[in-house]
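> What follows is a structure written as structure tokens; I'll ask about it next.
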Amino acid sequence: TDALTPPPGCRFDSGVATTYSLDLVTLLALPLHLSWLASGEERPEQVDPIRMIEALRRTADRLTVFCERGRMLTPRMPTPLLGLLEGMVHEATAPHGGAFHPKVWLLRFVSADNEEQTHLRLLVMSRNLTDDASWDLCLQLDGVPGKKRLAANRPLAEFLESVALQSGKALTTDRQALQSALIEEARRCD
């Protein structure tokens with residue numbers, strides 16, 4: 001969760017994540033951490049359930065998760081909150097019969113004072129988005145988009161563009177716009 005904590009003075013704006021297998025109950029915790037728990041405003045014993053659900057809904061609209069088709073795990077505990085994740089999750093199929101196995105995330109944070117100031121965080125992980133207790137490695141690269149495109153960032157941008165094409169369902173217009181903006185900033189991020 002440290003990798004999901006916004007930089008000081010920033011808040012989560014949008015993101016895209018990829019994984020092979022996906023546990024929906026584990027996924028449920030991510031939007032909460034990105035938007036509400038990371039703020040540190042309240043202690044756990046002071047949780048306002050209305051604010052918690054609103055934080056989940058708001059963040060779920062701005063985070064898109066791609067996983068291997070057929071590798072979404074059956075929830076071990078049913079909860080109506082899982083319905084809020086429906087638009088976020090996209091099952092993908094790798095080309096040429098391969099497995100969709102990347103574990104790459106790109107998150108965008110904006111300054112709480114000035115939404116024009118953005119911060120990108122690239123995460124490359126060794127584990128899937130599950131509650132598996134195995135050890136995990138996570139490479140975290142943080143940067144700020146500049147004015148010109150960097151040739152070194154082209155493979156990342158092309159990868160993110162191709163992920164949406166591997167999805168079994170089309171991204172909504174809003175999700176496509178968020179992902180396109182994120183990819184363009186990734187091309188210019190140092």
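The values are calculated or read from the model by the stated rules, or taken from the named source; none is laboratory data. These numbers were taken from a predicted model, which means no experiment stands behind them. When we count neighbours, we look across all protein chains shown, and the Cβ atoms used for this are built from the backbone with ideal geometry, even at glycine. Ligands, DNA and RNA are excluded from the accessible area calculation, which covers all protein heavy atoms including side chains. Shrake-Rupley method; radii C 1.70, N 1.55, O 1.52, S 1.80 Å.
> Tell me the residue from Asp136, Asp142, Asp132 that is among the acidic types (Asp, Glu), touching a strand residue (DSSP E or B) at 6+ places or on another chain (Cβ under 7 Å) and over 14 Å from Phe12 (Cα atoms), please.
Sole residue among the options that is among the acidic types (Asp, Glu), touching a strand residue (DSSP E or B) at 6+ places or on another chain (Cβ under 7 Å) and over 14 Å from Phe12 (Cα atoms): Asp136.
> Being polar (S, T, N, Q), at pLDDT below 90, open to solvent by 70 Å² or more (accessible area, probe 1.4 Å) and farther than 18 Å from Ala164 by Cβ, is that true of even one residue in the range 44-57?
yes
> Checking the structure you have, find out if any residue of the range 73-89 is surrounded by fewer than 16 Cβ atoms within 10 Å (Cβ to Cβ), in a helix (DSSP H, G or I) and touching a residue at least 40 places away in the same chain (Cβ under 8 Å).
Yes, the range 73-89 contains at least one residue that is surrounded by fewer than 16 Cβ atoms within 10 Å (Cβ to Cβ), in a helix (DSSP H, G or I) and touching a residue at least 40 places away in the same chain (Cβ under 8 Å).
> Being open to solvent by less than 50 Å² (accessible area, probe 1.4 Å), at pLDDT 80 or above and assigned to a strand (DSSP E or B): is that true of Ala3 here?
no
> Something else about it: Being charged (D, E, K, R), open to solvent by less than 60 Å² (accessible area, probe 1.4 Å), out of contact with any Phe, Trp or Tyr (no Cβ under 6 Å at 6 or more places or on another chain) and assigned to a loop (DSSP other than H, G, I, E, B) is true for just one of Arg175, Arg127. Which residue is that?
Exactly one of Arg175, Arg127 is charged (D, E, K, R), open to solvent by less than 60 Å² (accessible area, probe 1.4 Å), out of contact with any Phe, Trp or Tyr (no Cβ under 6 Å at 6 or more places or on another chain) and assigned to a loop (DSSP other than H, G, I, E, B), namely Arg127.
> If you go through the range 152-172, how many residues are assigned to a helix (DSSP H, G or I) and basic (Lys, Arg)?
1
> Another question, then. Return yes when Trp105 is closer than 19 Å to Thr1 by Cα and in contact (Cβ under 8 Å) with a residue 24 or more places away in the chain and no when it is not.
So Trp105 fits the description; yes.
> Next question. Could you look through the range 130-151, keep only residues that are among the polar types (S, T, N, Q) and in a loop (DSSP other than H, G, I, E, B), and pick out the one that is nearest to Ala3 (Cα to Cα)?
Thr130
> Also, I was wondering about something else. Any idea how many residues of the range 57-90 are closer than 17 Å to Gly168 by Cβ and of a type in the set (Lys, Arg)?
2
> Can you confirm whether Ala133 is of a type in the set (Gly, Ala, Ser) and surrounded by 12 or more Cβ atoms within 10 Å (Cβ to Cβ)?
Details: of a type in the set (Gly, Ala, Ser): yes; surrounded by 12 or more Cβ atoms within 10 Å (Cβ to Cβ): no.
Here the answer is no, as Ala133 does not meet what is asked.
> Can I ask one more? Look through Gln140, Gln179 and report the one residue that is in contact with an Asp or Glu (Cβ under 9 Å, 6 or more places away or on another chain), of a type in the set (S, T, N, Q) and more than 27 Å from Ile53 (Cβ to Cβ).
Matching residue, one of Gln140, Gln179: Gln140.
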